[in-house]
Structures are given as structure tokens and as C-alpha cells.
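Peer 1: Take this structure first; my questions come after.
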Amino acid sequence: MLPFEYDKHKALNVQKKSFMNFNLISFDAVYEPHIEESKRVYVYEFLANEPKLDLIFVHGIGNRNISYLLWFAENFKKHGINTYFVILPYHWFRAPSSWRGGEPFFSTSPKHCSVMFHQSVKDVRRTLDYVEQSSHLPKAIMGFSFGGMIATMALAIDERLKKGILAFTGGDWRWINWYAPHTEQLRKDYMEKSNEYNCRDEATCVKNRSNAFEKLGQLEKIEDIFQLEPACFHYDPISYAKFVRQPVLFFKGLFDRVIISRSSDELIKRLSDVRKISLPCGHRSSYFFRRLILRRSLKFLLEDEKLDHRSLR
């Protein structure tokens, strides 16, 4: 069984709590997580009155971005899009209250990280299983930052997704592990602990990745990804981009220091059907462009529908 595969016949064991504007759905994870809190998947379900599309929404790493990204789910709902906001493993109430969110993803071990990433992909696919029980509408996915990486993998793996929106994300771990501010501690860990491939700095990273990097264009099927070494290619979005055949809308921040241009460009150039929108913002300041992002996303997702252009609040 490949890392992203699972037993689709396993019962979901769905539980639902209804609130004023959304339902909080939970169901069993199809993997054994590292901590008890992540044994169930939690999804915020925003159901439109007259839905035209189902959208899976994937947040970034860490708990701080979740609250403001829920704004998108609330507003997609107002414009006829059922939105399913997935809480990723090891985040929020799927983690101890003392965690900042996503700690297990910050590891120097590619083999460990591969497991973490594919657990997230399984959560996305399992959410699709849940949605399909009650809806036959077209399915799409939107991911911000780290969530965009998971969304890229999911688009390549699961043909049920018909469109994708990737926002302020990228690929090629060289440009993330060695340049992003939020991976500073990870760089220290590489220097002190290394990993199973003896990666200690950018130079050894580039050297270890060089042979497999040249083979990316020769991949014929997704299964071939798992023949590449080191194992960081097993969860690198650039490994999966070739297999993303759906239309993709890509938002890039011109002043993004978290996902630098080299990282986003490495992913963009490998996507076969991509429309890029560059915004004069950084990673976090993209929040100030949320209404524009929403409008352009609605146009992309519902381009065959007559859009509702009421003011966006």
C-alpha cells in the first residue's frame, strides 16, 4: 500500500455538532497518529443555501492562521460554495493545548516527515469520502502555505478534485528549509543532529538531492516518486506537480519571505494548467488582500456560473 492509500471501507464514525453558521464534523482517522488528540479528524462544515460546488479548504502550519482563514470558509458559503475546512493533524484541538501547532512536522528526518505529510493527505481524502455521502457536486480544493503543499499532493493523487487553488505556497525543500524564517530552529537541528542522509547544511542538501532532482521530469507515474532518494522527494510538491492535471489558480506574494520566489516558482513551472496572480504582499500581509483573493477565487471556481457580485464583508 502506498503512503497515501488507506482502507476506504473503514467506517467513518461521524459525529456532528451544529452551531449558528457551521457544523463541526469529526470522524476517525485512517492512520495511527503519534498522539491521542489526532485520532479523530475535525472539519468545519459551512453549507450554502443553494450550493454549486464543494470546496475542501486546507490551512497552513501552526494554530495562529486557522482563525483568520476561517473567514474564507464563511464567505465562500455566502456565494454558493459548500466549504469543508479541515483541521490538520497535530493542530488546534487535535494537539495538546500547550502546542503551537504542527510540531511533529518540524523534523530533520525525511522519512518521518513523509509519514506526517501523507497523514494530512489522507485526512483530505477522507473528508472527500465524507462529503460524497451527501453531495454529488463538483469538488475542488484550496490550500494556504503549508496547506497548499498538501493540496498539491491531493490534486495529483485524487481525481475527484476538479480544480485547485494554491495560495502563497511552493516546493523544493532547499528553498524552504534553508531560507524560511520559521525553519530557523530546524536549521540548527540539522547542524547538531543531521539525519539519516547526513544532511547538515544547504550544501549537503543540494548534493544529496541532485541525482533525484534531475529525475523529476522522467517520472511516469506517482508510484515512481517513492523510488527517489532522499525521501524528502516523497512529500515535496514539485514531485507531484507533474501529475496535477486539473486547472490551478496560484496566488504568489511578491514580498513573501516565508515561501520565497524560488520556492513558488519551482512549483509553478511544473504545473501544466496554472493561472498565476502576483500580489504586492508578504506571507502574513496577504490577509489584507483577502477580499481580492476571495473574488478571484470565486471567479475561478464558478467561472461557468453567474457570479453574485454583492459586496464582500
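A short reminder: the numbers here are calculations on the coordinates, not readings from a lab. Just so you know, these numbers come straight off a predicted model, no measurement behind them. Glycine also receives a Cβ, built like all others from the backbone with ideal geometry; neighbour counts cover every protein chain displayed.
Peer 1: How many residues are without any contact (Cβ under 8 Å) to a residue 12 or more places away in the chain, surrounded by 12 or more Cβ atoms within 10 Å (Cβ to Cβ) and not in a loop (DSSP other than H, G, I, E, B) when one looks only at region 197-206?
Peer 2: Of the residues in that region, 1 qualify.
Peer 1: Which one of the conditions (1) under 17 Å from L24 (Cβ atoms); (2) touching a residue at least 60 places away in the same chain (Cβ under 8 Å) does G80 fail to meet, given that it meets all the rest?
Peer 2: Every listed condition holds for G80 apart from (1).
Peer 1: Pairs, please: C-beta under 7 Å, at least 6 apart or cross-chain, first residue closer than 18 Å to I56 by Cβ and in region 86-110, second of a type outside the set (F, W, Y) and part of a loop (DSSP other than H, G, I, E, B)?
Peer 2: Here the result reads L88/H59; P89/P33; H91/N63; H91/G101; H91/G102; W92/N63; W92/G101, each pair linking region 86-110 to a residue that is of a type outside the set (F, W, Y) and part of a loop (DSSP other than H, G, I, E, B).
Peer 1: Please give the strands (runs of 3 or more DSSP E) falling wholly within region 18-61 in which 3 or more residues are crowded, with 19+ Cβ neighbours inside 10 Å and in contact (Cβ under 8 Å) with a residue 24 or more places away in the chain.
Peer 2: 40-46, 53-58
This table checks each residue for (1) within 25 Å of R284 (Cβ to Cβ); (2) touching a Gly at 6+ places or on another chain (Cβ under 8 Å); (3) of a type outside the set (D, E).
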position	(1), (2), (3)
W71	yes, no, yes
I87	yes, no, yes
R100	yes, yes, yes
F117	yes, no, yes
D123	yes, no, no
S134	no, no, yes
M149	yes, yes, yes
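Peer 1: Just one of (1) of a type in the set (A, V, I, L, M); (2) within 29 Å of F288 (Cα to Cα); (3) in contact with a Lys or Arg (Cβ under 6 Å, 6 or more places away or on another chain) trips up A180, so point out which.
Peer 2: Just one mismatch for A180, condition (3).
Peer 1: Would you be able to say whether some residue in region 24-46 is more than 19 Å from the chain's Cα centre (by Cα) and under 24 Å from A180 (Cβ atoms)?
Peer 2: Yes: one or more hits.
Peer 1: Just a yes or no: is a residue in region 249-264 of a type in the set (A, V, I, L, M), part of a loop (DSSP other than H, G, I, E, B), surrounded by fewer than 19 Cβ atoms within 10 Å (Cβ to Cβ) and touching a Pro at 6+ places or on another chain (Cβ under 7 Å)?
Peer 2: Checking region 249-264: at least one residue is of a type in the set (A, V, I, L, M), part of a loop (DSSP other than H, G, I, E, B), surrounded by fewer than 19 Cβ atoms within 10 Å (Cβ to Cβ) and touching a Pro at 6+ places or on another chain (Cβ under 7 Å).
Peer 1: Please go through (1) touching a helix residue (DSSP H, G or I) at 6+ places or on another chain (Cβ under 9 Å); (2) at negative phi for G101 and return the number of the only condition it doesn't satisfy.
Peer 2: Tallying (1) touching a helix residue (DSSP H, G or I) at 6+ places or on another chain (Cβ under 9 Å); (2) at negative phi, G101 fails exactly one: (2).
Peer 1: Separate question: Considering only region 261-273, how many residues are in contact (Cβ under 8 Å) with a residue 12 or more places away in the chain and closer than 14 Å to F168 by Cα? Working first, answer last.
Peer 2: Taking region 261-273 and keeping what is in contact (Cβ under 8 Å) with a residue 12 or more places away in the chain, we get 262-268, 270-273.
Of the ones still in play, those that are also closer than 14 Å to F168 by Cα are 262-268.
Matching residues across region 261-273 total 7.
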